[in-house]
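See below for the structure under consideration.
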Amino acid sequence: MTRHDNNSHDNRRDNKSDQLTSPQESLQIYRAMQRGLSRRDAMKLLGAAGVLAMGVGGVPGLSPAFAAEGEASPQRGGRIRVAAHSSSTKDSLDPAQGSTAIDYCRAYMFYNGLTQFDPDLRPQPCLAESFETTDNGSHWIFVLRQGVTFHDGKALTPQDVIYSIMRHKEPAVGSKVLSMVEQIESIRALDQRRVEFNLSSPNIELPSILAVSHLVIVADGTQDFSKGNGTGAFRCQEFSPGVRSVGVRNENYWREGYPYLDAIEMVGISDESSRVNALLSGDVQMINNLSGNFAERIKQSDNGLLKATNSGNYTDLVMRFDQQPTSRPAFREAMKCLFDREQIKRVALRGYGEIANDQPIAPGTPYYFDGLPQREYDPERAASLLKQAGVAGATVPLVASPAANYSEDMAVLLQQSAAAAGLKLNINRVPADGYWSNHWMKHPLGFGNINPRPTANILLSQFFLSSAAWNESGWKNAHFDQLVVAARGEPDEAKRKQMYADMQTLIHDEGGIGIPVFLSDLEGYDSRIGGMDRTVPLGSFMGYLFAEYVWWKG
Amino acid sequence: MNSLKTMPHPKANTPQRLRHGSHLPVGAPRRRNRRRLQLTRWIGLGVFGFWILVALFGPLLAPHPMGAFVSDQMFGGISAAYPLGTDYMGRDMLSRILTGARYTVGLALVAACLSSLIGAGFGMLSVLLPKWLEESVRRVFDTLISIPSKMMALVMVSAFGASIPLLITATVLSYAPGAFRIAHSLATNLATMEYVQVAHTRGEGRLYIAAREIFPNMIQSVLTDMGMRFVFIVLLLSGMSFLGLGVQPPAADLGSLVRENIGGLSQGAIAVIAPALAIGTLTIGANLLIDSLSTSRATQKE
Amino acid sequence: MRNTLFGLVAGRLGASLLTLFLVSLVIFAITSLLPGDTAQQILGQFATPEQVAALRAQLGLNQPAIVRYWHWLSGFVTGDLGQSASNGMAVAQLINDRLPNSLILAGITTLVSVPIAITMGVVAAMRRGGLIDRLLNLVTLSMVAVPEFLVATLAVLIFAVKLNWLPALSYVSTVDSLGDAMKIYAMPVLTLCCVLIAQMARMTRAALIDQLDSPYVEMAQLKGVPPIRRVMRHALPNAVGPIANAVALSLSYLLGGVIIVETIFNYPGIASLMVDAVSNRDLSLVQACAMLFCGTYLVLVMLADICAILSNPRLRNR
C-alpha cells in the first residue's frame, strides 16, 4: 500500500548543501558515502548535477552566485525569456503531441498533472491530493484537490481526468505516450473527488507515468488547444507556433505562493551558437541543449552560469539482429569493445557525461546495478572477435546523423578505433530531416538517441522488450521479457532490485546496442535567476518543470 | 569594341570594317592601367594556382591523416607541431585544410563551369530559337529556380544516396537557372544590335551567329557571373554537407570546416579563421583571375 | 509603345501562371517523393503503426496523389490555401503572420543594398583598372567570400555580446520606436548586404564595361562628352537589362533564401516557415510558400525585363 500525503509537494529544500564544490567539501561527501550515505544521496549533495559550474570573478572558491543564493529568499515579480533548442510550426499546446523540450515546458507551465516529479523522480501529489493502490498496482484511487479551477474559471472534476487520459488511446490524437497509456484499461469517477484507474496488469509505477508532461490534465471535451486552458501556474497570453509563446502569472493558482515570476516568454533558437550569444548578450535568460564546446564559453563568461545534469540521456550504437554482419554475436561484442569510452567522453562530450556500460540504466538512478564489470576498450580482443565473426578486414557502413546527438562525433571516433582492429567503417551521414522514420533501426549499424524516461521499467519496456515497437536492435529474449513484466508488480524492493540487476546484465552481455556514455544535459542561465539549484534529472529546464520554481533577482 | 579582331572573320567583312572604323585611339589612362592589370592577373593566377596545387597534392603533404586525433587540446593555437592549431576535436587543422581543399576546389570548379556552360549556353541559343521554344526553355529554368535548393537536395539524397556526382548535379540545378537569366538578358540585348541583324540578313546560321557575333560580346559578363557563382557554390557546399548530401566525415570541405569549428569563434580560434581565410583567398584569387582574363581580351585588341 | 508594354505584361502574366502551375506540380511530386509523410513527421520518433494509419486517414493521405493534388489545386485557385497539416492552423493565417516581417527585412535590405551596389559598380566601371576600381573589387569580393553564417555570428559576437550595442536576436514584437527598429535590423541587413552587394556591383560593372567598350560610347568620348555623362546617358541605358536582371535575381533571394539570417537572428520570417513545412511534409504550407517565392521571383524578373525594354527601344518591337 503506497500512500503519499499532500504537504510533501513543496520540494524546495534547504539547498545550502547543494552548492558544495570545494575539495574539502567533496571529501565530506566522500566520507558521508563511507558512512553509508547512498550514492544517490551523495549525488543530491552535489546538486544531483555532479557539476555546477560558476562564473568567474569573485572570491576564489566561493562564487558570488553562491554567496548570494545561499541567503536570498525567493522574490516575486519579473519577466524572463527562455530559449529552447528547437521550435517549429509543429509546436503544440496539446500536451499529447508534445515532441520537444519547449512543448514539455509549456505543458507544465499551463497545465498540471495528477502527480509531479520531485528532485528524486518520485511522484508527488499535484492535482491529486493523494493516491493509493489497494492491490499492488492493478487498481488505483486518486483523490482530486478541491478548489482547483482552469484558467477559464471552470472547476476541476473527475470528468476532466477521464477525458485527459483516455483521449491518448485514440490513435488519431497522435499521442506520443500511447504505449504508456495502453495498460490503463478504464477510469471511472467514484464520486465528485475520487477517480479509479483500472490497469490491465499490475504496475506500481502508475503515479510516475501520470507525472509525464503528456498526461497533464486538460478540460473535459477540449478540441482546440491553442488557448492552453489548464490549471497551471501560468496562463497562456500568446502562442504562435515556431515563433514564441508568453505565459503570465495565474493569479488563481492553487499552489500558495507560486509562481514567483510575472511572465515567461518562450522561444526556440535552433542554432547553438546563436543561443549562447543570446544568453551572453542578455537577450534571453535560460538556454538548453548545449554541447561541451559551448559549455566552456558560458563558464568563462561574466553573466552566464552553467548547469550540468546527469539524467541518463544516451546516444547508442544500434546493431540489428536481423541484418548482416550485425547478426553475428562476435561482431556485436567486437563493436562494444571498440568504444574508447574515455576518449568519447573527453573529446566528444568535453567531459560532460558519464562512462556507460552498454546497458541503459544510468548510475545514480534507483535500480542501477553497480556489480556489472565495465567493458573496456580492447582493440586486440575486438580484432580476434572480428576474425571469429569472419569479417576481419571488411568494410562496413555506419549511419550517423545530426538527429542523434553527438552521433557524428562518436562515429568518427569509432571509425578511428575500429581501424586499429582492422575494421573499416564507412561513415554515412544522413540528414536529420526524416531520420527517425527512415533511418533509425533500418540499417545494420546506425545510431539512436534515447531521452530519459521517468522510470527504469518504462525505459526497458519501450526499448528492450521483444515485442516493443522501438526494440532498437531487434533483440529477443524471453527471460528478459518475463523479468520486465514481473518487476512491475513485484512489491518487494530487494527482489525488484535483483530483477533489474539481472535485466541489466542480460542487455550488457547479449543486447544489440552499445552505449558508450551517458550524456549530461547542459544548460546555461543568467546569474540573476534564482532557484536553479533544484534539479529534476529527467531533462533540461529542471525536468521541464522550471517555470514555477525559479525567480528573478533583478 | 569587341574581340572580333582576334578571330578571323572570313565571310563578314562589312560589319567588321564598320567597327574598325569606329575603333579609335584611346587615351593614356588605359595604357597605364594595363600594367596594373598584369599585376592583378599575376596575383590572381598565383593565388588560384596555389589552391589548384593544394587540391592536387595537398593530401600528400598533410602531416597527419585528416581524421586522426592528434592532440588533447581542442581549438589549440598555432604551435610548431600544429601550424594551424587543432580543431574542435583535437585534430590537426593544417592536415584537414590540405585534404579538404580538394573537395572545395574540385567540386566548386566543376559545378561553376557546368552551371555557367549550361546556363549561358541555353541563354544564348534560346534567343535564336523560335519564339515558342525560347519560351519553353525559359519556363523550364524559371521552374527550376523556384524550387528551394534544400528540397532539391533532400529529394536527391533520398532517391539516389549521397555521392559526389549527385552533389554536383544538385549544385548545378540550383545555379544554372541564374546563369541562364543573366545570359539570356544579355543575349536578348545583343540580338537587336545591327551587326547581328546584318548577319541574319546575310543568311548566317544560328550557331554561327551565336558563336561569332553574340558570344564574344557577352563574355565579360558571363565570366563575371561565373566568378560569383563559384563563390556561392563554395559556400553552398558546406550547407549541402550539412544535409548529408556532401562530403562524408571525417573528410570535410572548407565551408564545413568553418561551420564545424564555429564554436571557437569567440575565443578567436585559428581553427575557424584558417579555413575562412582559405575560402577567401581561393574565391578572391579565382575572381581576380577571371577579371584579368576578360579584361585582357579587351586590351589584346589594341 | 503603351500597347506593346501592355501586351508584354499580359503575355508575361500568362506565362507566369503556367510557370506557377509547373512549379506546383514539381513541388507536389518532390514532396511525395521525400521519404516519410506528414503523419510520420508529426508523430515523430516514437510513433506506432496504428497511430500513423489513423492520422493518415484523418489527414486524407490515403487518397491517391492525383486526388490530393486536385484537391489542393482547386482550393488554391479559389483562394483557399488550405490548412497546415502539422498544427491545423489556416495556411493563410501562418503566412499572414510572417510575410510582413519578411517583406520589411527585404524592403530595408533593398533600400540599402541596391543604391550602394549600383554606385559601386558605376564608379568601378568609370575608373576601370584604377586604384578605386581595384579597391572596390577587393572589398566586394571579400564581403561575399566570407560565409554568411560567419558574418552573422561574428557581428553578433562583436555588437551584441562584447559591445552590447545591439540585441542578439531580432524580435519584431519589441519594436516601439525608430531607434529600436534600427537596432533590430542593423545586423540582419548588414549580413544580407554582404551577400547581395557583391553580385549586383560586379554585374553592374561588367555590363557597363561591355557598353563603354562599344563604338558609340567611344564616339561620344571623341566628341568630348564628359565621362559621367558618357556613363549616365550613353552606357547605362543599354546596360540596364543585365543590371536589372542581376538585381532581380539578388532580390528574389531575399524572401526564400534568407534562412541563415532568420535562424541566427531568430527572425520570424517566411523562409524558416518553409523549412519547417518541408521537414514536416506539410504539403499545403510548402505549396503556399513555394507559390509565394515563385510569384515574387516572376514579378521581379518581369519588372527587370520591363526595365530592359524601356531602356532599349529596339527590344520593344520584338
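Among the residues that make up the stretch C:149-169, is at least one of them more than 20 Å from the chain's Cα centre (by Cα), in contact (Cβ under 8 Å) with a residue 60 or more places away in the chain and closer than 30 Å to B:Met218 by Cβ?
Within the stretch C:149-169, not a single residue is more than 20 Å from the chain's Cα centre (by Cα), in contact (Cβ under 8 Å) with a residue 60 or more places away in the chain and closer than 30 Å to B:Met218 by Cβ.
For the stretch C:1-50, give me the residue count where each residue is surrounded by 13 or more Cβ atoms within 10 Å (Cβ to Cβ), within 14 Å of chain A (Cβ to nearest Cβ) and in a helix (DSSP H, G or I).
Of the residues in that region, 13 qualify.
Taking the residues in the stretch A:475-498 that are under 15 Å from A:Asn203 (Cα atoms) and of a type outside the set (D, E, K, R) as candidates, determine which candidate is surrounded by the fewest Cβ atoms within 10 Å (Cβ to Cβ).
Result: A:Gln482.
Hey, could you check the stretch B:242-251 for residues that are modelled with pLDDT of 80 or more and over 20 Å from the mean Cα position of the chain (by Cα) and say which is farthest from the other protein chains (Cβ to nearest Cβ)?
It comes out as B:Ala251.
Which condition number in (1) among the charged types (D, E, K, R); (2) touching a Ser or Thr at 6+ places or on another chain (Cβ under 9 Å); (3) surrounded by fewer than 18 Cβ atoms within 10 Å (Cβ to Cβ) is the one that A:Asp509 fails?
(2)
Test B:Ile273 against the criterion of being in contact with a Pro (Cβ under 9 Å, 6 or more places away or on another chain), assigned to a helix (DSSP H, G or I) and either buried (at least 23 other Cβ atoms within 10 Å of the Cβ) or at pLDDT 85 or above (or both), and give yes or no.
no
Give just the number: which of (1) closer than 14 Å to A:Arg193 by Cα; (2) not in a strand (DSSP E or B) does A:Asp152 not satisfy?
If we test A:Asp152 against (1) closer than 14 Å to A:Arg193 by Cα; (2) not in a strand (DSSP E or B), just (1) comes out false.
How many residues are within 14 Å of chain C (Cβ to nearest Cβ), surrounded by 20 or more Cβ atoms within 10 Å (Cβ to Cβ) and either free of Cβ contacts under 8 Å to residues at least 24 places away in the same chain or of a type in the set (A, V, I, L, M) (or both) if we restrict to the stretch A:197-240?
The qualifying residues number 1.
Considering only the stretch C:261-298, state which residues are on the phi > 0 side of the Ramachandran plot and either within 12 Å of chain B (Cβ to nearest Cβ) or surrounded by fewer than 23 Cβ atoms within 10 Å (Cβ to Cβ) (or both).
Across the stretch C:261-298, the qualifying residue is only C:Arg281.
(1) at pLDDT 80 or above; (2) part of a helix (DSSP H, G or I): which one isn't true of B:Glu204, the others all being true?
(2)
Which numbered condition trips up B:Gly85, out of (1) over 22 Å from B:Gly246 (Cβ atoms); (2) surrounded by 17 or more Cβ atoms within 10 Å (Cβ to Cβ); (3) within 14 Å of chain C (Cβ to nearest Cβ); (4) at pLDDT 50 or above?
If we test B:Gly85 against (1) over 22 Å from B:Gly246 (Cβ atoms); (2) surrounded by 17 or more Cβ atoms within 10 Å (Cβ to Cβ); (3) within 14 Å of chain C (Cβ to nearest Cβ); (4) at pLDDT 50 or above, just (3) comes out false.
Might you check whether a residue that is within 14 Å of chain B (Cβ to nearest Cβ), closer than 30 Å to A:Leu290 by Cα and outside any loop (DSSP other than H, G, I, E, B) occurs anywhere in the stretch A:383-397?
Scanning the stretch A:383-397 turns up at least one residue that is within 14 Å of chain B (Cβ to nearest Cβ), closer than 30 Å to A:Leu290 by Cα and outside any loop (DSSP other than H, G, I, E, B).
Hey, any hits in the stretch B:193-205 for a residue that's within 15 Å of the chain's Cα centre (by Cα), surrounded by fewer than 24 Cβ atoms within 10 Å (Cβ to Cβ), within 13 Å of chain C (Cβ to nearest Cβ) and farther than 30 Å from A:Ala404 by Cα?
No, there is no match, as no residue in the stretch B:193-205 is within 15 Å of the chain's Cα centre (by Cα), surrounded by fewer than 24 Cβ atoms within 10 Å (Cβ to Cβ), within 13 Å of chain C (Cβ to nearest Cβ) and farther than 30 Å from A:Ala404 by Cα.
Go through the residues of the stretch A:346-354 one by one and say whether even a single one is away from every other protein chain (no Cβ under 14 Å), in a loop (DSSP other than H, G, I, E, B) and buried (at least 20 other Cβ atoms within 10 Å of the Cβ).
No: the stretch A:346-354 contains no residue that is away from every other protein chain (no Cβ under 14 Å), in a loop (DSSP other than H, G, I, E, B) and buried (at least 20 other Cβ atoms within 10 Å of the Cβ).
One line per residue, one yes/no per condition, for (1) among the β-branched types (Val, Ile, Thr); (2) touching a strand residue (DSSP E or B) at 6+ places or on another chain (Cβ under 7 Å); (3) within 23 Å of B:Met89 (Cα to Cα); (4) facing chain C (nearest Cβ under 8 Å):
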site: B:Asn217; (1), (2), (3), (4): no, no, no, yes
site: B:Val222; (1), (2), (3), (4): yes, no, no, no
site: B:Ile233; (1), (2), (3), (4): yes, no, no, no
site: B:Asn261; (1), (2), (3), (4): no, no, yes, no
site: B:Gly268; (1), (2), (3), (4): no, no, yes, no
site: B:Val272; (1), (2), (3), (4): yes, no, yes, yes
site: B:Ala276; (1), (2), (3), (4): no, no, yes, yes
site: B:Thr281; (1), (2), (3), (4): yes, no, no, no
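Looking at C:Val91, C:Val67, which one is of a type in the set (Val, Ile, Thr), away from chain B (no Cβ under 14 Å) and either under 29 Å from the mean Cα position of the chain (by Cα) or surrounded by 14 or more Cβ atoms within 10 Å (Cβ to Cβ) (or both)?
C:Val91
Facing chain C (nearest Cβ under 10 Å) and out of contact with any Pro (no Cβ under 8 Å at 6 or more places or on another chain): is that true of B:Leu190 in this structure?
Yes, satisfied.
Can you name the residue in the stretch C:175-190 that is assigned to a helix (DSSP H, G or I) and more than 16 Å from C:Gly107 (Cβ to Cβ) and, of all such residues, is nearest to the chain's Cα centre (by Cα)?
Only one residue fits best here, namely C:Met187.
Quick one: which of A:Asp378, A:Asp322, A:Asp283 is of a type in the set (D, E, K, R) and under 30 Å from A:Gly543 (Cβ atoms)?
Just a single option satisfies the conditions, and that option is A:Asp283.
I'd like to check something: does the stretch A:398-411 contain any residue that is in a loop (DSSP other than H, G, I, E, B), more than 11 Å from every other protein chain (Cβ to nearest Cβ), surrounded by 23 or more Cβ atoms within 10 Å (Cβ to Cβ) and hydrophobic (A, V, I, L, M, F, W, C)?
No, that holds for no residue.
Inside the stretch C:71-161, counting only helices (runs of 4 or more DSSP H) that do not spill past its ends, which hold 2 or more residues that are within 30 Å of A:Asp224 (Cα to Cα) and polar (S, T, N, Q)?
In the stretch C:71-161, the matching helices (runs of 4 or more DSSP H) lie at C:91-126.
Just checking, which of A:Arg346, A:Arg328, A:Arg341, A:Arg332 is touching a Pro at 6+ places or on another chain (Cβ under 6 Å) and basic (Lys, Arg)?
Just one listed residue meets the conditions, A:Arg341.
Take the residues in the stretch A:454-474 that are free of Cβ contacts under 8 Å to residues at least 60 places away in the same chain and not aliphatic (A, V, I, L, M); name whichever of them is surrounded by the fewest Cβ atoms within 10 Å (Cβ to Cβ).
Top of the filtered list is A:Ser467.
Answer yes or no as to whether A:Asp316 is touching a Lys or Arg at 6+ places or on another chain (Cβ under 8 Å), surrounded by 22 or more Cβ atoms within 10 Å (Cβ to Cβ) and within 14 Å of chain C (Cβ to nearest Cβ).
Here the answer is no, as A:Asp316 does not meet what is asked.
Among the helices (runs of 4 or more DSSP H) contained in the stretch A:227-343, which hold 1 or more residues that are over 30 Å from A:Pro366 (Cβ atoms) and among the β-branched types (Val, Ile, Thr)?
A:272-280, A:292-300
Inspect all residues belonging to the stretch A:509-525 and state whether any of them is polar (S, T, N, Q) and in contact (Cβ under 8 Å) with a residue 24 or more places away in the chain.
Yes: one or more hits.
Can you name the condition, by its number, that C:Gln199 falls short on among (1) of a type outside the set (Ser, Thr, Tyr); (2) assigned to a helix (DSSP H, G or I); (3) closer than 30 Å to A:Ile287 by Cα?
So the condition that C:Gln199 fails would be (3).
The values are calculated or read from the model by the stated rules, or taken from the named source; none is laboratory data. This one's a predicted model, so the numbers in the text were calculated from it and none came from an experiment. FYI the Cβ positions are ideal-geometry reconstructions off the backbone, even for glycines, and counts take in every protein chain you see.
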